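Before any comments, here is the structure.
The values are calculated or read from the model by the stated rules, or taken from the named source; none is laboratory data. Every value quoted in this text rests on a predicted model; they were computed, and no experiment measured them. All Cβ positions, glycine included, derive from the backbone under ideal geometry; neighbour counts span all protein chains shown.
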Amino acid sequence: MQPTPSPAGAGLFEVRLHGRGGQGVVTAAELLSEAAFAEGRHAQAFPSFGSERTGAPVVAYCRIGDRPIRTREPVMQPHALVVQDATLLHQVDVFAGLRSDGWVLINSRETPGRLGIDSLEAGHVLTVAASDLARQHVGRPMPNAALLGGLAALTGIVHLDAVVSAIRAKFPPAVAEGNVAAAQAAYDLVDAACATREGVS
């Protein structure tokens with residue numbers, strides 16, 4: 001997929017990540033930016049300001065572009081949303097500013113219809129049970145790496161190999177390989193689901 005130009009600058013692809021403290025939301029944004037950088041792109045990642053206590057809503061941002069990125073403003077019109085905790089859907093306006101052709105990836109066992117969000121553009125919203133995949137491969141329900149694998153499949157903004165490299169550079173080998181397996185599993189599920197545009201688990 002070719003990124004749609006953003007109001008923040010030509011060729012930018014902007015991602016906003018929502019989750020809760022302790023779910024690795026900021027780490028996910030950093031890994032995404034590192035994956036893009038490894039592919040020769042310009043990238044930045046940063047969190048929003050606010051409470052970082054465990055369980056509190058957390059937002060992080062990532063921008064990816066072909067030219068130096070000068071803005072440091074929060075992402076207000078994302079091309080893609082990653083929602084690491086589906087309970088936020090009815091607690092926070094996670095869809096605020098989402099572009100009409102934007103992509104949404106949600107950590108959930110349920111389909112978008114079951115979550116009550118099937119009014120969004122058909123084919124642009126998928127769910128993947130990232131916490132379950134993380135529990136299986138990492139040993140704890142930390143969904144961030146799995147969701148990055150899913151995002152790579154859904155949007156094509158980075159390749160899975162770059163995500164894998166970023167994970168291996170970030171974590172010790174034993175932790176990294178579990179997260180790599182979770183990212184690969186999510187990538188495969190989302191890639192397969194894109195044909196039918198249904199939530200996957």
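Being within 22 Å of R41 (Cβ to Cβ) and part of a loop (DSSP other than H, G, I, E, B) holds for only one residue in R168, R140, R99, R114, and it is R99. Across region 19-66, the number of residues qualifying as assigned to a loop (DSSP other than H, G, I, E, B), at pLDDT below 95 and crowded, with 18+ Cβ neighbours inside 10 Å comes to 2.
Taking the listed residues V138, V163, the one that is among the β-branched types (V, I, T) and either more than 17 Å from the chain's Cα centre (by Cα) or more than 13 Å from L32 (Cβ to Cβ) (or both) is V138, with no other qualifying.
Conditions (1) among the charged types (D, E, K, R); (2) closer than 16 Å to S108 by Cα; (3) at pLDDT below 95, marked per residue:
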{"residue": "V158", "(1), (2), (3)": "no, no, no"}
{"residue": "A169", "(1), (2), (3)": "no, no, no"}
{"residue": "P172", "(1), (2), (3)": "no, no, no"}
{"residue": "V180", "(1), (2), (3)": "no, no, no"}
{"residue": "D191", "(1), (2), (3)": "yes, no, yes"}
{"residue": "A195", "(1), (2), (3)": "no, no, yes"}
{"residue": "G199", "(1), (2), (3)": "no, yes, yes"}
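Just to check your reading of the model, which residue among D161, D188 is exposed (fewer than 15 other Cβ atoms within 10 Å of the Cβ) and acidic (D, E)?
D161
If the condition is being within 30 Å of P141 (Cβ to Cβ) and β-branched (V, I, T), then region 60-84 contributes I64, V75, V82, V83.
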